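Here's the structure, in structure tokens; my notes come after.
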Amino acid sequence: MDLFPVLKELAQPSDSKILLVVLDGVGGLPLEPGGATELEAALTPNLDALAQEGALGLLTPVHPGLAPGSGPGHLALFGYDPFRYAVGRGALSALGLGADFREGDVALRGNFATLAEDGTVLDRRAGRPSTEENARVVAKLKEAIPRVEDVEVHFYTESEHRFLVVLRGAGLSDQVADTDPQKPGLRPLPPRALSPEAERTARVLNLLSERIREVLKGEPRLNGALFRGASGRPVFPKMGEVYGLRAAAIASYPMYKGLASLVGMEVLPVEGEGDALEGKVKALRENWDRCDFFYFHVKGTDAMGEDGNFLGKVEKIERFDALLPGILALRPTVLAITGDHSTPALLKGHSWHPVPLLLKAPYLRADEAGRFTEKEAQKGSLGHLRGVELMPLLLAHAGRLAKYGA
């Protein structure tokens with residue numbers, strides 16, 4: 001059900017402030033039966049104290065059994081039905097980077113990868129190179145591959161192993177399957193058209209992949225490319241129109257900036273490299289009086305989970321916990337802390353497991369939680385929510401929804 005017409009009708013002004021913190025991929029699993037998850041292993045005195053004051057629950061970002069990508073996971077948290085408002089990862093990267101991305105273009109998120117001599121994937125992320133090394137290789141590709149057939153090819157550095165390709169030409173389609181096999185030891189998948197209209201685009205992408213391998217054959221690590229999330233330029237309803245909010249985003253990585261701009265958030269500048277948590281807290285503090293709703297993104301938890309680094313993910317959780325007092329000092333009316341999906345280090349990827357949700361707001365029913373963990377969340381008074389149910393809950397606690405019906 002599309003709640004946007006209802007929420008637009010019920011939206012009412014308020015002086016309240018809503019802060020949504022997304023610890024990307026925060027949900028985890030124990031490395032062995034009976035062990036601790038990453039959240040349970042982390043020392044998080046501030047999150048635990050907050051859990052004791054607030055309410056907990058579990059949240060399934062998209063649908064039971066589905067391991068969501070970051071795009072649908074985030075859109076659901078923002079209140080957008082991810083099955084109706086679908087968008088490819090390429091478009092999100094293009095929007096986040098501020099790329100020249102026009103109607104009729106097709107954008108694709110690329111991963112630089114390390115390929116073996118037999119063409120199989122050794123490392124899907126090429127050892128997570130520096131963004132500077134990425135830019136060097138992208139410059140080489142720009143010079144060598146300005147077009148494929150009569151299709152213009154535009155390369156952009158994103159960060160680390162991530163880059164963006166925008167294809168521009170007549171008759172292109174975004175109905176092309178990913179080439180990323182998702183596991184090492186396999187060959188990149190051949191570009192495959194998902195509709196007859198996409199046959200030409202699939203052929204161009206296949207030629208582009210071959211050409212990239214030729215240009216990069218001398219590179220020790222960044223010698224291949226895997227593509228995901230082919231997408232045209234989407235148009236979505238804006239949060240200001242639907243919820244009546246002045247919304248802002250605090251994120252470092254282009255994809256998440258793209259998600260935010262897609263739904264009408266102002267993307268605030270952040271000082272610092274990488275996840276830049278201190279810079280994000282500073283941006284939040286300096287812009288606190290300007291907006292009603294803030295989306296605060298933490299990437300490190302997901303990156304460590306994808307790398308299978310259990311202790312690294314624990315450290316990223318603890319690092320955020322140490323900065324939490326500076327966030328709480330702003331006294332948000334409504335504070336929610338959750339994830340867009342689970343990324344257990346055990347699985348080295350996104351999973352279908354629900355994520356814990358912590359809510360601190362007026363008029364909560366008391367919990368007896370001791371910590372912010374998956375087990376404690378299972379017992380919480382918020383119950384088990386779907387991702388799209390979070391925004392109405394935040395708006396209600398913020399006094400921003402009138403009564404529904406007579």
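The values are calculated or read from the model by the stated rules, or taken from the named source; none is laboratory data. Everything numeric in this text was worked out from a predicted model, so none of it was measured. Cβ sites come from the backbone with ideal geometry, for glycine too, and all protein chains shown count toward neighbours.
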* **Residue ID - farthest from the chain's Cα centre (by Cα), chosen from residues in segment 103-128 that are in a loop (DSSP other than H, G, I, E, B) and aliphatic (A, V, I, L, M)** => 116
* Could you please give the count of residues in segment 235-258 that are of a type outside the set (Lys, Arg) and in contact with a Phe, Trp or Tyr (Cβ under 8 Å, 6 or more places away or on another chain)? => 11
* Answer yes or no: is there a residue in segment 175-182 that is out of contact with any strand residue (DSSP E or B) (no Cβ under 7 Å at 6 or more places or on another chain), closer than 29 Å to residue 350 by Cα and either outside the structural domain of residue 253 (by TED's automatic domain parsing) or in a strand (DSSP E or B) (or both). => yes
* Asked: Which residue, of 59, 77, is more than 14 Å from the chain's Cα centre (by Cα) and crowded, with 24+ Cβ neighbours inside 10 Å?
  -> 59
* **Members of segment 132-174 that are in contact with a strand residue (DSSP E or B) (Cβ under 7 Å, 6 or more places away or on another chain) and among the β-branched types (Val, Ile, Thr)** => 137, 138, 145, 151, 153, 157, 165, 166
* May I ask you to list the residues in segment 22-46 that are within 23 Å of residue 351 (Cα to Cα) and surrounded by fewer than 23 Cβ atoms within 10 Å (Cβ to Cβ)? => 29, 30, 31, 32, 33, 34, 35, 36, 40, 41
* Name the residues in segment 83-100 that are at pLDDT 90 or above, crowded, with 24+ Cβ neighbours inside 10 Å and not small (Gly, Ala, Ser), would you? -> none
* **Hits in segment 257-271 - residues which are touching a helix residue (DSSP H, G or I) at 6+ places or on another chain (Cβ under 7 Å) and in a helix (DSSP H, G or I)** => 257, 258, 259, 261, 262
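Among the residues of segment 110-127, is there at least one that is in contact with a helix residue (DSSP H, G or I) (Cβ under 6 Å, 6 or more places away or on another chain) and either under 15 Å from residue 212 (Cβ atoms) or in contact (Cβ under 8 Å) with a residue 24 or more places away in the chain (or both)?
Taking segment 110-127 first, the residues in contact with a helix residue (DSSP H, G or I) (Cβ under 6 Å, 6 or more places away or on another chain) are none.
No, there is no match, as no residue in segment 110-127 is in contact with a helix residue (DSSP H, G or I) (Cβ under 6 Å, 6 or more places away or on another chain) and either under 15 Å from residue 212 (Cβ atoms) or in contact (Cβ under 8 Å) with a residue 24 or more places away in the chain (or both).
I'm trying to understand the selection: among the residues of segment 25-38, which are within 23 Å of the chain's Cα centre (by Cα) and in a loop (DSSP other than H, G, I, E, B)?
25, 28, 29, 37
What residue, among those in segment 139-168 that are part of a strand (DSSP E or B) and of a type in the set (Asp, Glu), is modelled with the highest pLDDT?
Out of the qualifying residues, it is 152.
Please verify whether segment 233-241 includes one or more residues that are touching a Gly at 6+ places or on another chain (Cβ under 6 Å), surrounded by fewer than 19 Cβ atoms within 10 Å (Cβ to Cβ) and either modelled with pLDDT under 95 or not charged (D, E, K, R) (or both).
yes
Okay, residues lined up against (1) of a type outside the set (S, T, N, Q); (2) under 23 Å from residue 57 (Cβ atoms); (3) part of a loop (DSSP other than H, G, I, E, B); (4) in contact with a Cys (Cβ under 8 Å, 6 or more places away or on another chain):
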| site | (1), (2), (3), (4) |
| --- | --- |
| 294 | yes, yes, no, no |
| 313 | yes, yes, no, no |
| 321 | yes, yes, no, no |
| 326 | yes, no, no, no |
| 332 | yes, yes, yes, no |
| 335 | yes, yes, no, no |
| 367 | yes, yes, yes, no |
| 389 | yes, yes, no, no |
* Structure fact -> Taking segment 2-24 and keeping only residues that are closer than 19 Å to residue 284 by Cβ and in a loop (DSSP other than H, G, I, E, B), one is left with 15, 16, 17, 24
* Among the residues of segment 39-84, which ones are outside any loop (DSSP other than H, G, I, E, B) and either touching a Ser or Thr at 6+ places or on another chain (Cβ under 8 Å) or not assigned by TED's automatic domain parsing to the domain that holds residue 364 (or both)? -> 39, 40, 55, 56, 57, 59, 77
* From 214, 219, 197, grab the single residue that is in a helix (DSSP H, G or I), outside the structural domain of residue 260 (by TED's automatic domain parsing) and closer than 25 Å to residue 132 by Cα. => 214
* List the number of the failed condition for residue 103; all other conditions in (1) surrounded by fewer than 18 Cβ atoms within 10 Å (Cβ to Cβ); (2) free of Cβ contacts under 8 Å to residues at least 40 places away in the same chain hold. => (2)
